[in-house]
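> A single structure is presented below for examination.
The values are calculated or read from the model by the stated rules, or taken from the named source; none is laboratory data. Keep in mind that this is a model prediction, so the values were computed, not measured. Counting neighbours? That spans all protein chains shown, and the Cβs are built from the backbone with ideal geometry, glycine included.
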Amino acid sequence: MSGDWSFWLREHKGTLLAFAAFVVMFTIYAANHPAGLNANVATTAANKGVLLAIVAMAQTLVVLTSGIDLSVGMVMILANCLASSIVVGSTLTTTIGVVVVLLVGCLCGAINGLIVIFGRLQPIVTTIATGAVYYGAALALRPVPGGDVNTQLADALTGQLPGGVPESLALLLAVVAIVWVPFRRSAIGRAAYAAGSSEVAAYMSGVPVNRAKFVAYTLSGLLASMAGLFVTFITYTGEASAANGNTYTLYSIAAVVLGGVSLFGGSGSAIGAIFGALMFRTIGDLLFVFDVEPLWQPLFQGIVLSAAVCLGAVRLLRIRNRLDLYG
Amino acid sequence: MQGVSKRYGGVRALQDADLVIEAGRIHAVLGENGAGKSTLIKIMAGVVTPDQGRMLLDGKPVSFASPAGASAAGIACIFQELSLIPDLSVADNIAISNPPRHLGLIDRRAQRRMAEEALARAGADNIHPLALVKDLSLSRRQMVEIAKALARKPRILILDEATSALTAADVTKIYGVLKRLRAEGLALLYISHRMHEIAELADECTVFCNGRSVASFAAGTRTDNEIVELMIGREYNAVFPAHKQRAVSGAPPPLEVRHLGWSERLNDISLQVRAGEVIGLGGLDGQGQRELLLALFGVLQGTTGEILIDGRPVTIAGPNVAKRKRIGMALIPEDRKTEGLMLPMSVRDNLSFAALDRLSHWGVVDGAAEQHAVERIVRLLAIRTDGTAVPAGSLSGGNQQKLVIGKWLMMAPRILLLNDPTRGIDVGTKQEMYQLLRELAENGAAILFYSTDYDELIGCCDRVLVMYDGAIRRELIGPEITERALVSSALNIGAEARKAGAPQTAST
Amino acid sequence: MAEVPSAANRSGRVIDKVGSMRRRIDPALAWAFGCIVLVLLIGSLYSSSFLSPQYLLQQLKVASFLGVIATGTMIVVLLGQIDLSVPWVVAVGGMMATAATGWGPLGEAMAIPVGIGCGVALGLVSGVGVAFLRIPSMVVTLATNAVAQGLMIVHTGGFSPQDSSSPAMRFLATGNTVLGIPNAVLVWAVVGTAAVFLLTRTTFGRTVYAIGNRERAAYLSGARTRTVVMMAFALAGGLSALGGVLLAGYASKAAQAMGDPYLLPAIAAVVLGGTSILGGRGSYLGTVAGVILITLLQSILSVMQMPEFGRHVTYGIVIIAMLLIYGRGRRPAE
């Protein structure tokens, strides 16, 4: 059975690298933090990290099917604005509010999926257009920032568990366990991988390509709306900020790439994307810890992203037949 | 299958095709490319639906809306284009259409057992079920493809040119597997154009020509020539232009290779091609012939050894260097649709593409010169096209291949490399191409020519270099080149090597 | 080999001409221009001045900025790639040009070339990543965008840039010389003409289309694919920066995130004009139509006094609808 491990390693190479890189970065960060890693610092960092991680998971699901979702940030904004209106009041109304927000997220994802699958439009242009529509809906709900949210729920999910562990990490684990793992281990999840790896071969093998893509897009919308809910819990308001939406969309792509998920589809894991997201967030914190002026942080973030991206070029060293480069 | 017909736009792929397959027999289907075999198989496998005709399974009419339907009916098909998912493991691929489940999720252990069983049944138990398909060699992938088909416990197994990618050792294994399956009562449909395979395996044969099933007969009741005539629909009279003896000049050969090596696929290759010579590369498929041509053209990285042009050593960094006047090489690649042409672009754009620098001044294309040159080539090669502005994709296979050749003729190459140029081409165009090659040789070109067609090697080449396991094992000169010599050297070298305990082709 | 008789040749040429005329009427182009006419008609219902020459020229002027940027985007899309670095390369163009203006008389004279040059440099970086390192363009240009943003934040100290544009920049962006046509439109016309020439009459352009259609075949035909890809990205960078220079000239200064509103409209304009996002297919005339259509769409939505949310929704729905009409792909079975 020892041979099995080498295959497992091969399959999860990207995810493991992302995990290792994150651990290294975080260790450096924690070791050098001036105030030490106290619970409050950890919680704030975790909240921001988990938020990006959930959006990155949403992006991963679509990227696995060899698509791209440029509307993921806007679905998050839409969910945020919606939540700031309906996730309020008694336990009952709050629960209904949460469910409605999640359903709206699923709907947005499903619309993306239907247009890509049955309209046979390319995901990149489809999601640019649907992103505009979702943003418009968010703007309709919240022309100006405002709204409220059930503070008990919000504090519970953004606070700390006994022992100082940030609650948001538990939330992330729950999302992974409830959404990602069942998807990954199911036949439909594998069908999504197949569709991304080689749609022609998948079709010839009788794999339900359309159904798999539809599920992937819908779940992606669900995750994006979860992220939107989480934003509401952190900020207590709803704000239709296009800049924010675009930023999260682009950051989610960066996280996905850092996490070892192939943009061509068919390989990688949302868990890798999570570590990619956490890595991305940690870069900023690392720069703070090393007293890099805040002014220089975006530049360093960009350079680190460039360096990480160049790692993808390492495969060039192993290419023997140049025709393999030209797909 | 009775009276099955299928059109694709204006092309009639199948017309009133009939086929009867029985359990416990191997039924071979022969025909040239484009004769309709692949379309028939796709209909049987549920990938496309027929326009007319019907399919009867156990005497009852059936029709399949999708590959899943055919699979459920017990028909498994192994296509030429593999249907494996590269990023998934072997076990995932074998169980892809109906994985064993536990609580709604895939049961990995049961899936692995299923995969191991199927791999054993396919004679491929040296392949690990957890290996990723993209890490496997082409030959191994073909074995996995067969295991995948067998895992569905089919009643009818269809193999469409299934041995084309296999190493010699694996081919022998497959023969054993197929015969065992036949004994178990499966009905096997075997498409191939290799006569010796048909002779080895088939019980019955059906010949397809131009979309129709023209003859069905028991194996061994027709001669090879008769079969070929049925396949091409007329009397088989391959006319090869006569070779002229060229005076041996003292000049260094345009192309010389010394101790060329690459990865594990090419081993210490040395050869010479003199001006006016047509040299053939023979041997079984997949012995390094394609890689040799790519290496010469500069496509492979990390080659060892020397390449000499006119006696001077050169470094060919890529096709853009190879085509320069100093070297003057041209390569007609393996797959014209994806490597030779940009199908949506016009005939004119395709023809002028390699020579674009010569047809332009300071980067601006001279339209008149281009049009003139293009029309000259169209006339020269008798390319049948609706004008030069139509997309290249609208031309027939033979004319498309003429475009590829025409593109390179514009560069007036001194060294011409051809990678199986007449595959899938109609017989008429083939004849034109043989004539063209002879003319180019007479004008001083040095031609290196890989072909899977023995008759071509015999008819066109002055010398044939038979390759095995990435090295040149034997050279046949002039009258020595006979089908017998080619076949026996190709197979015997393999047999001798195995007997001597030589290492097999690296097939990890 | 049989010689094709000359009569067949002549008739072949006639068939050529008729065939190419039929093919020249690209359905996407027809739809795009049709929609422009439709939008103009609807607009005229809301406001009588919608069809007036002054208003139309004003629209053309606004469209010019997007038009210049979309030209670069189109070239990259024709290769089968994408350029997500548009937002901050535009900003770099504007900010560096205005910065150069503040460097004395030589700087002021060189402001525009400096701005464009910075864009070309950034484009080259992206180009090297895509062409030589074979990294997907989406990721490379994302990284370039991030680096450009970082550089500009350092440069401006995090504040709004205070430099003003040079008189030349303002002249280009806001002046009217020939026949009252805004200079910006002339700039776009020059850029467009050069682009058309580049794409249709040069080896560079031919290679771009070839790479977009089938990079493998282009490589095996001995084309210098890597150089062409790199140059294409450099060109796109330069054009994005030129757009930024014009924008800065229009507003008399640069602004943070000035390029953000141009990325998605540029891609949408290129695609609406019939250029395939997969590469290899598309004409510049289509991009012109796409740019004008998007600009008019945005204007008509404000003329209709549609609240902001409605504009976004309409914008998105129109793009989807148009693409469903002429931008669809093929079924997997084919």
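> Checking the structure you have, find out if any residue of the range A:80-88 is surrounded by 24 or more Cβ atoms within 10 Å (Cβ to Cβ) and closer than 28 Å to C:PRO136 by Cα.
No, there is no match, as no residue in the range A:80-88 is surrounded by 24 or more Cβ atoms within 10 Å (Cβ to Cβ) and closer than 28 Å to C:PRO136 by Cα.
> Of these, C:LEU122, C:LEU133, which one is among the hydrophobic types (A, V, I, L, M, F, W, C) and in contact (Cβ under 8 Å) with a residue 24 or more places away in the chain?
C:LEU122
> May I ask you to say which residue of C:ALA236, C:ALA241 is crowded, with 24+ Cβ neighbours inside 10 Å, touching an Asp or Glu at 6+ places or on another chain (Cβ under 6 Å) and within 29 Å of C:LEU186 (Cα to Cα)?
Criteria check complete, one pass: C:ALA236.
> Could you check the range A:1-103 for helices (runs of 4 or more DSSP H) lying wholly inside it with 2 or more residues that are at pLDDT 95 or above?
A:39-64, A:72-86
> Given the criterion within 14 Å of chain A (Cβ to nearest Cβ), in contact (Cβ under 8 Å) with a residue 12 or more places away in the chain and in contact with a Phe, Trp or Tyr (Cβ under 7 Å, 6 or more places away or on another chain), identify the matching residue among C:GLY259, C:GLY282, C:GLY243.
C:GLY259
> Quick test for you: out of B:ALA72, B:ALA17, B:ALA45, pick the one residue that is in contact with a Cys (Cβ under 8 Å, 6 or more places away or on another chain), modelled with pLDDT of 80 or more and not charged (D, E, K, R).
Among B:ALA72, B:ALA17, B:ALA45, only B:ALA45 is in contact with a Cys (Cβ under 8 Å, 6 or more places away or on another chain), modelled with pLDDT of 80 or more and not charged (D, E, K, R).
Residue-wise test of (1) at pLDDT 85 or above; (2) of a type outside the set (Val, Ile, Thr); (3) surrounded by 24 or more Cβ atoms within 10 Å (Cβ to Cβ).
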| residue | (1), (2), (3) |
| --- | --- |
| A:LEU219 | yes, yes, yes |
| A:VAL256 | yes, no, yes |
| A:PRO294 | no, yes, no |
| A:ILE319 | no, no, no |
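> If I filter the range A:264-287 for residues that are at the interface with another protein chain (Cβ under 7 Å from one of its Cβ atoms), closer than 27 Å to A:GLU199 by Cα and crowded, with 20+ Cβ neighbours inside 10 Å, do I get at least one hit?
Within the range A:264-287, one or more residues are at the interface with another protein chain (Cβ under 7 Å from one of its Cβ atoms), closer than 27 Å to A:GLU199 by Cα and crowded, with 20+ Cβ neighbours inside 10 Å.
> Turning to a different aspect of this structure: Taking helices (runs of 4 or more DSSP H) that fall entirely within the range B:266-375, which contain at least 2 residues that are of a type in the set (A, V, I, L, M), within 20 Å of the chain's Cα centre (by Cα) and more than 9 Å from chain C (Cβ to nearest Cβ)?
So the answer is B:289-297.
> On to the next question. Scan the range B:107-126 for residues that are of a type in the set (A, V, I, L, M) and surrounded by fewer than 19 Cβ atoms within 10 Å (Cβ to Cβ) and jot them down.
Hits for the range B:107-126 are B:ALA110, B:ALA120.
> Follow-up. Can you go through C:THR287, C:THR275 and tell me which one is in contact with a Ser or Thr (Cβ under 7 Å, 6 or more places away or on another chain), among the β-branched types (Val, Ile, Thr) and not in a helix (DSSP H, G or I)?
Within the list C:THR287, C:THR275, the selection yields C:THR275.
> Let me ask another. Can we say C:GLN305 is assigned to a helix (DSSP H, G or I), more than 11 Å from chain A (Cβ to nearest Cβ), out of contact with any Gly (no Cβ under 8 Å at 6 or more places or on another chain) and not aromatic (Phe, Trp, Tyr)?
No: the conditions fail for C:GLN305.
> Can you tell me which of (1) surrounded by fewer than 19 Cβ atoms within 10 Å (Cβ to Cβ); (2) within 18 Å of A:PHE22 (Cβ to Cβ) is the one A:ARG315 doesn't meet?
Failing condition for A:ARG315: (2).
Listed here are the residues, each with its yes/no results for (1) over 27 Å from A:ASP4 (Cα atoms); (2) in contact with a helix residue (DSSP H, G or I) (Cβ under 7 Å, 6 or more places away or on another chain); (3) modelled with pLDDT of 90 or more.
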position: B:ASN126; (1), (2), (3): no, no, no
position: B:ALA131; (1), (2), (3): no, yes, yes
position: B:LEU138; (1), (2), (3): no, no, no
position: B:GLU145; (1), (2), (3): no, no, no
position: B:LEU166; (1), (2), (3): no, yes, no
position: B:GLY176; (1), (2), (3): yes, no, no
position: B:ALA187; (1), (2), (3): yes, no, yes
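> Is there any pair linking a residue in the range A:138-150 that is more than 14 Å from chain C (Cβ to nearest Cβ) to one that is part of a strand (DSSP E or B) and buried (at least 17 other Cβ atoms within 10 Å of the Cβ), with Cβ under 6 Å and at least six apart or on different chains, and which?
A:GLY147/A:GLY238
> Within the range C:142-183, track down each residue that is surrounded by 14 or more Cβ atoms within 10 Å (Cβ to Cβ), at the interface with another protein chain (Cβ under 10 Å from one of its Cβ atoms) and without any contact (Cβ under 8 Å) to a residue 60 or more places away in the chain.
Result: C:LEU142, C:ALA143, C:THR144, C:ALA146, C:VAL147, C:GLY150, C:LEU151, C:ILE153, C:VAL154.
> Please name all residue pairs, on different chains or six or more residues apart, with Cβ atoms under 6 Å, provided the first residue is in the range A:308-326 and is touching a residue at least 12 places away in the same chain (Cβ under 8 Å) and the second residue is of a type in the set (A, V, I, L, M) and not in a helix (DSSP H, G or I).
Once the first residue is touching a residue at least 12 places away in the same chain (Cβ under 8 Å) and sits in the range A:308-326, its partners that are of a type in the set (A, V, I, L, M) and not in a helix (DSSP H, G or I) give A:VAL309/C:ILE135; A:GLY312/C:ILE135.
> Further question: From the list C:LEU51, C:LEU40, C:LEU66, exactly one residue is surrounded by fewer than 20 Cβ atoms within 10 Å (Cβ to Cβ), at pLDDT 85 or above and closer than 22 Å to C:LEU301 by Cβ. Which is it?
C:LEU40
> Taking A:ALA202 and the conditions (1) surrounded by fewer than 21 Cβ atoms within 10 Å (Cβ to Cβ); (2) at the interface with chain B (Cβ under 7 Å from one of its Cβ atoms), which numbered condition does it fall short on, given that it satisfies the others?
That leaves (1) as the condition not met.
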